[in-house]
Structure formats: structure tokens, C-alpha cells
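*Asks:* This is the structure I want to talk about, given as C-alpha cells.
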Amino acid sequence: MSNLQQQRNDVTHIDGNLHQNEDARIGIVVGRFNGFVVESLVDGAIDALLRHGVLGSNITVVRVPGAFELPLVAQRAAESDRFDAIIALGAIIRGSTPHFDFVASESAKGLSSVAIDYNIPVANGVLTTDSIEQAIERAGTKAGNKGSEAAMVVLEMLAVLSQLDVDDDYDTSDDA
Ligand code: INI
């Protein structure tokens with residue numbers, strides 16, 4: 001085997017294993033604005049979590065007025081230490097939102113800050129679409145369900161992060 005091939009074989013790959021979730025405690029924060037779309041995202045997220053072994057008793061759904069309020073409640077949820085990961089769900093629809101760009105960007109920025117500041121996976125499952133039709137398409141009809149996608153994201157992230165916590169093999173103590 002060439003040295004290059006050997007080195008390739010020695011590379012450590014860490015990928016998310018999506019099967020061990022019975023202990024995962026998941027907070028779902030939900031903006032009620034455009035609720036007819038958002039509730040399909042909530043259903044999709046809960047369904048995906050349960051199908052991947054998360055216990056219903058370990059799932060908490062917190063509803064707030066709109067997507068703009070999601071970062072604060074996600075931050076409180078992270079701070080509370082009650083959750084291993086947070087899923088944020090909402091729908092911001094440009095057609096009916098004069099301040100679409102502002103709400104969308106503040107919501108996204110705030111959610112990513114929570115993940116970094118509290119060292120916890122936060123999935124951004126907030127739909128940002130030009131029209132109600134596009135939102136419906138992404139809420140369980142022809143373009144999937146952004147709620148279930150967000151649920152899968154946090155499960156994958158939990159799996160990846162737990163392996164990083166355990167695997168210290170990259171520590172080259174031979175050099176010592
Ligand atoms: N909130 C949404 O989640 N989606 C929207 O499309 C939306 N529109 O259209 O304005 C919206 N606005 C409310 C916003 O999130 C706050 O609740 C509000 O500004 C009070 O802070």
C-alpha cells in the first residue's frame with residue numbers, strides 16, 4: 001500500500017449516528033405567526049424525533065408570538081440546562097411582511113448566537129419564503145417539511161458532538 005493510501009486509511013471520520021436518542025432532551029421553540037403553516041412544522045419535528053427514538057416525555061414545545069421572539073426564548077431554554085438541543089420553528093413570509101428582511105435576519109442571527117454562546121445545537125427551522133404557497137410546499141407538502149429536517153439536524157449534531165467529547169485519540173501523546 002502506498003504511503004498516501006496508508007495516510008488516507010488513517011484519517012479519522014466523525015459522522016452522526018442517528019440511533020441513540022432515548023436520553024436526548026429536546027426543546028422546540030415555535031413562533032405562532034402564520035400558525036397554519038408553523039403547526040405542520042411542529043408536527044413534522046415531533047414525528048421525526050419520535051421515529052428516531054426520542055421519548056415524548058423528553059420533548060418540550062414552547063410557543064412565542066413570532067419568529068422575532070425565537071432567539072430570546074431559545075436563549076432562556078439553553079440557559080435553563082433543561083435541554084440538550086433546541087429546534088426553532090417559524091414562518092416568515094415576504095408577501096405579507098413589510099419588514100421581512102429585518103425579522104428574518106434578526107431571528108437567524110439570534111439563533112446562531114445561542115448555539116455558539118451556550119454550546120448547544122440549535123436548528124434553524126424557520127421558513128423564509130416569498131409566498132404563502134412556497135411556505136406550504138415546505139411544510140409537509142411537495143418540498144418536504146422543514147420541521148422534520150430541523151429535527152434531524154439536531155439529532156445528527158448531538159451525535160457528532162458526543163463523539164467529539166469522547167474521542168480524544170487525536171492527542172498525539174507519542175510525541176511526549
Ligand atoms: N413573525 C413571523 O414569525 N412571521 C412573519 O411573517 C411575521 N410578519 O409577517 O410580520 C412576523 N412578525 C411578527 C414578529 O415576529 C414579532 O412577533 C413582532 O414584530 C413583535 O415583536
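*Asks:* Sum -39500 (n - 2.57) across every DSSP H segment of at least 4 residues in the chain, then divide by the residue count to get the 222 nm mean residue ellipticity, nearest 500.
*Replies:* Here the helix-only value at 222 nm equals -14500 deg cm²/dmol.
*Asks:* Follow-up. Which loop-located GluC sites (Glu not before Pro) does the stretch 1-96 contain, where loop means any DSSP state but H, G, I, E or B and the Cβ has at most 15 other Cβ atoms within 10 Å? List each step's numbers first, then the result.
*Replies:* Details: sites: Glu22, Glu39, Glu69, Glu79; in loops: Glu22.
Listed in order of number, the matching sites are Glu22.
*Asks:* On a 0 to 90° scale, report how tilted helix 35-51 is relative to the longest principal axis of the chain, with both axes built from alpha carbons and the result rounded to the nearest 10.
*Replies:* Once rounded, the angle reads 30 degrees.
*Asks:* Can you tell me the 0 to 90 degree angle between the C-alpha axis of helix 70-79 and the longest principal axis of the chain, rounded to 10?
*Replies:* That works out to roughly 40 degrees.
*Asks:* How would you classify the chain from its alpha-carbon gyration tensor, with a ≥ b ≥ c the square roots of the eigenvalues: rounded for a/c under 1.5, else prolate if a/b is greater than b/c, otherwise oblate?
*Replies:* Cα axes put the chain in the prolate bin.
*Asks:* Continuing with this model, one more query. Expected output is a single nm value to one decimal: the length gained when fully extending between Asp47 and Ser131, i.e. 0.36 nm times separation in residues minus the C-alpha distance. What is it?
*Replies:* Result for the pair: 27.7 nm of gain on full extension.
*Asks:* So, one more: Tell me the label-point distance for the pair His99, Arg8, using the 7 Å Cα-to-Cβ offset, in nm and rounded to one decimal.
*Replies:* Each label point is offset 7 Å from its Cα along the Cβ direction, giving 5.4 nm.
*Asks:* OK, next. Going by amide H atoms built from the backbone, whose H comes under 5 Å of the H on Ala85, apart from near neighbours?
*Replies:* Arg25, Gly27
*Asks:* Stretch Asp117-Glu79 to full length: gain in nm at 0.36 nm per residue minus the Cα-Cα span?
*Replies:* The span from Asp117 to Glu79 would gain 12.7 nm if fully extended.
Quick note: the coordinates plus some simple rules give every number you see, no bench work behind them. Just so we're clear, the structure is a prediction, and the values are computed from it rather than from any experiment. Using ideal geometry, Cβ is built from the backbone for each residue, glycine included, and neighbour counts are taken over all protein chains shown.
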